[in-house]
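Asker: Once you've had a glance at the structure underneath, I'll fire off some questions.
The values are calculated or read from the model by the stated rules, or taken from the named source; none is laboratory data. On a predicted model such as this, the values are computed, not experimentally measured, just so you know. Cβ sites come from the backbone with ideal geometry, for glycine too, and all protein chains shown count toward neighbours.
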Amino acid sequence: MPGATNLRNSAALSSILEKQKAQKKLYGAVCASPAIALAPQGFLDDSAPATCYPAPNFREQLKIVSDDAVVVSDNVTTSQGPGTSLHFALSLGEQLFGKEKRDEIAKQMLVK
């Protein structure tokens, strides 16, 4: 858990995220970080769903909580945890390079 707190407290990361958000470029977080690093600093849209590690103390930090493993809301992608990180990565690949490329990579990696 100190990782998400350290991310939240990083001035360098906050600066990068502010630029990404302002320019509507992609950014995201996995596990506790959507709740601990993104939500408190306004990097999640309060009117859009997000997901995080499914512990009550994390989920209560999100305005609209999704039970999905990966959630894409505009340019922000969130995911529940280490076990969902492959689907998180494939989602980012799809956003950057399209569904065909995502499906090609998933097939090569034997992901269903």
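Asker: Could you tell me whether any residue of segment 103-111 is touching a strand residue (DSSP E or B) at 6+ places or on another chain (Cβ under 6 Å) and farther than 20 Å from LYS24 by Cβ?
Answerer: Quick first cut of segment 103-111, residues touching a strand residue (DSSP E or B) at 6+ places or on another chain (Cβ under 6 Å) only: none.
Among the residues of segment 103-111, not one is touching a strand residue (DSSP E or B) at 6+ places or on another chain (Cβ under 6 Å) and farther than 20 Å from LYS24 by Cβ, which makes the answer no.
Asker: Checking the structure you have, find out if any residue of segment 53-60 is in contact with a helix residue (DSSP H, G or I) (Cβ under 7 Å, 6 or more places away or on another chain), of a type in the set (Phe, Trp, Tyr) and surrounded by fewer than 21 Cβ atoms within 10 Å (Cβ to Cβ).
Answerer: no
Asker: Select from segment 28-51 the residues that are crowded, with 17+ Cβ neighbours inside 10 Å and of a type in the set (Ser, Thr, Tyr) and write down the one among them that is farthest from VAL70 (Cα to Cα).
Answerer: Across segment 28-51, the extreme among qualifying residues is SER33.
Asker: Would you check if GLU100 is among the charged types (D, E, K, R), under 30 Å from LYS112 (Cβ atoms) and surrounded by fewer than 17 Cβ atoms within 10 Å (Cβ to Cβ)?
Answerer: yes
Residues checked against (1) over 16 Å from ARG8 (Cβ atoms); (2) modelled with pLDDT under 95; (3) in contact with a Leu (Cβ under 6 Å, 6 or more places away or on another chain); (4) among the small types (Gly, Ala, Ser):
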| residue | (1), (2), (3), (4) |
| --- | --- |
| ALA37 | no, no, yes, yes |
| LEU44 | no, no, yes, no |
| ALA50 | no, no, yes, yes |
| HIS87 | yes, no, no, no |
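To keep it simple, each residue is scored yes or no on (1) within 13 Å of the chain's Cα centre (by Cα); (2) not hydrophobic (A, V, I, L, M, F, W, C).
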{"site": "ARG8", "(1), (2)": "no, yes"}
{"site": "ILE16", "(1), (2)": "no, no"}
{"site": "ALA29", "(1), (2)": "yes, no"}
{"site": "SER33", "(1), (2)": "yes, yes"}
{"site": "GLY42", "(1), (2)": "no, yes"}
{"site": "PRO56", "(1), (2)": "no, yes"}
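Asker: Which numbered condition in (1) surrounded by 13 or more Cβ atoms within 10 Å (Cβ to Cβ); (2) under 20 Å from GLN95 (Cα atoms) is the only one that LEU7 fails?
Answerer: Evaluating LEU7 over (1) surrounded by 13 or more Cβ atoms within 10 Å (Cβ to Cβ); (2) under 20 Å from GLN95 (Cα atoms) leaves (2) as the failure.
Asker: Taking the conditions exactly as written (crowded, with 21+ Cβ neighbours inside 10 Å and under 13 Å from the mean Cα position of the chain (by Cα)), does THR84 satisfy them or not?
Answerer: no
Asker: Of all residues in segment 33-66, count the ones that are of a type outside the set (S, T, N, Q) and closer than 18 Å to LEU86 by Cβ.
Answerer: Step one: of segment 33-66, the residues of a type outside the set (S, T, N, Q) are 34-40, 42-46, 48-50, 52-56, 58-60, 62-65.
Still in the running and closer than 18 Å to LEU86 by Cβ: 34, 52-54.
Of the residues in segment 33-66, 4 are of a type outside the set (S, T, N, Q) and closer than 18 Å to LEU86 by Cβ.
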